[in-house]
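> Okay, handing you the structure first.
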Amino acid sequence: MIALAFASVRWGSVTTLVKRAATADNRLMQSREILRAALVEASLTLEAFLSDEENLRAVERFANAACATLTRGGRIYVCGNGGSMSDAMHFAEELSGRFRKERAALSALSFSDPATLSCIANDFGYEEVFARQVEAHGRAGDLLVTLSTTGESANLLAATRVARELGLTTVALLGRGGGKLASEVDVPIIVPHATTSDRIQEVHLQILHAAIEAIERRLFPENYSAGNADEG
């Protein structure tokens with residue numbers, strides 16, 4: 001009887017462990033499906049963007065405008081809010097620093113200095129944090145690139161309007177139909193299909209990387225010659 005009871009307890013423990021393992025496995029499978037769905041959605045968003053030739057033409061106009069600005073000694077300014085500010089900083093540092101291989105620094109600046117932002121916000125209001133910097137630094141022939149998932153950010157609209165008054169070329173990477181910014185800039189680039197900021201920003205970053213490569217291929221063709229492999 002004792003042996004039978006002991007065996008029963010052991011079997012019960014094994015059964016519990018099997019059930020727990022099955023539950024953990026189901027959770028793992030659910031987690032994988034969630035991850036797979038997120039990555040598929042990201043892929044479909046990029047596919048939707050690429051399926052429209054107008055989008056590619058807009059990115060080409062962006063790259064051409066950047067090359068023209070840099071060739072004549074101008075500067076590229078970039079700004080955005082939140083995650084889009086991070087993308088703006090990323091774009092600027094890969095132009096002024098490096099992208100794939102060594103080459104001359106390219107003049108690019110993101111409006112992201114915390115002291116400057118807090119000063120302007122405190123004295124003039126947050127709507128002016130980018131416009132004031134465009135007024136300070138922008139010159140005719142420069143390029144302003146704004147990043148917004150909605151196209152409705154008041155501070156980006158204000159910066160764009162000042163840029164146009166000063167004679168800067170304006171480009172905006174947008175989502176959700178483009179919002180008000182789409183009609184304010186020279187080159188609107190609108191991510192279709194996506195309704196959430198993360199999916200839109202993922203395509204924005206791919207556009208920025210594609211633009212940098214196009215700029216480098218135009219200005220530094222030797223970096224892309226046969227046998228000159230990527231070191232980065």
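> Rounded to the nearest 0.05, what FRET efficiency do Ala154 and Glu93 give with R0 = 30 Å and r taken as the Cβ-Cβ distance? Could you check?
0.70
> Now for a separate question. Across all directions of projection, what mean area in square nanometres is found for the Cα convex hull of the range 178-220?
Reported value for the Cα convex hull: 3.6 nm².
> Please compute the contact order of the chain in relative form: average sequence separation of alpha-carbon pairs under 8 Å and at least six residues apart, divided by the residue count, as a percent.
Relative contact order here is 20 percent.
> In nm, to one decimal, how far is the Asp198 label point from the Ala136 one, both placed 7 Å along Cα→Cβ?
According to this spin-label approximation, the distance is 3.5 nm.
> Once amide H atoms are built 1.01 Å from N in the peptide plane, which residues 5 or more positions from Leu109, or in another chain, come under 5 Å H to H?
It is Ile76, Tyr77, Val78, by chain and number.
> What FRET efficiency would be calculated for the residue pair Glu60, Arg32, taking the C-beta separation as r and a Förster radius of 45 Å, to the nearest 0.05?
It comes out at approximately 0.75.
> Could you give the size of the charge dipole of the range 83-211 about its Cα centre, using +1 on the Cβ of each K and R and -1 on the Cβ of each D and E, expressed in debye and rounded to the nearest 20?
Using only the charged Cβ atoms, the result is roughly 360 debye.
> In whole Hz, what ³J(HN,Hα) sequence does the range 57-74 give by Karplus (6.51, -1.76, 1.60; θ = phi - 60°), x for Gly and Pro?
Working through the residues one at a time gives 5, 5, 5, 5, 5, 4, 4, 4, 5, 5, 4, 4, 4, 5, 5, 8, x, x Hz.
> On to the next question. Which value, in nm² and rounded to one decimal, describes the direction-averaged projected area of the C-alpha convex hull of the chain?
20.0
> Follow-up. Rounded to the nearest 0.05, what FRET efficiency is calculated for Ser118 and Ala226 with R0 set to 35 Å and r the Cβ-Cβ distance?
Taking R0 as 35 Å, the efficiency between Ser118 and Ala226 is 0.10.
Here, each number is a calculation from the coordinates, and none is a lab measurement. From a predicted model like this one, the values you see are computed outputs, not experimental measurements. Positions of Cβ are backbone-derived with ideal geometry, glycine not excepted, and every protein chain shown enters the neighbour counts.
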